[in-house]
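A short worksheet on the structure shown next.
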Amino acid sequence: MSYLTDRKRASGKGSIAHGAEHQLEVTTSSYMMAALVILFLFCIAPLIGAPYEVVVEGLTRPFNMVIMGLFVVSATYHWRFNIKKVFEDYVPHGFDFAGVIITTALGWFFCGLGLFALVKILIASMIAG
């Protein structure tokens, strides 16, 4: 005979309290990504397939550098936030925490790698001339 009520059995399996906050964060992140993708297509995509010197010259323009940096940070945040929800919802309890830690570390590692590459291009172009 179980003395647990339905409410007690459902406790810890999700909450209405976090749904609105999550929806607002996802919506905001999606709108920001949509705007950055449009800017990315107009500013950075024409550089694809161009010679190295043209790409460096295009990326060292301040507006393009800012768009690229924001795109890297925003894409990392958007990916990390959504993959965290996948782990919380679909991975068995116990493994979800490790998965969130690993994917968060991996996401910020790639974000730092992308920003490092942008700074390296900027510094190399400043030294070259």
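Every number here is computed from the coordinates shown, using simple stated rules; none is lab data. Keep in mind that what you see is a predicted model, and the values were worked out from it rather than measured. Ideal geometry is used to build each Cβ from the backbone, glycine not excepted, and the neighbour counts take in all protein chains shown.
Overview of values
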read-out: Where only alpha carbons of region 25-128 are counted, the Rg and the Dmax (Å); value: 16.5, 53
read-out: Span-rule helices in the chain, defined as complete DSSP H runs reaching 30 Å or more along the axis (Cα) with Kyte mean at least 1.6; value: 95-128
read-out: Separation in nanometres of the label points that stand 7 Å from Cα toward Cβ, at LEU47 and PHE116; value: 1.9
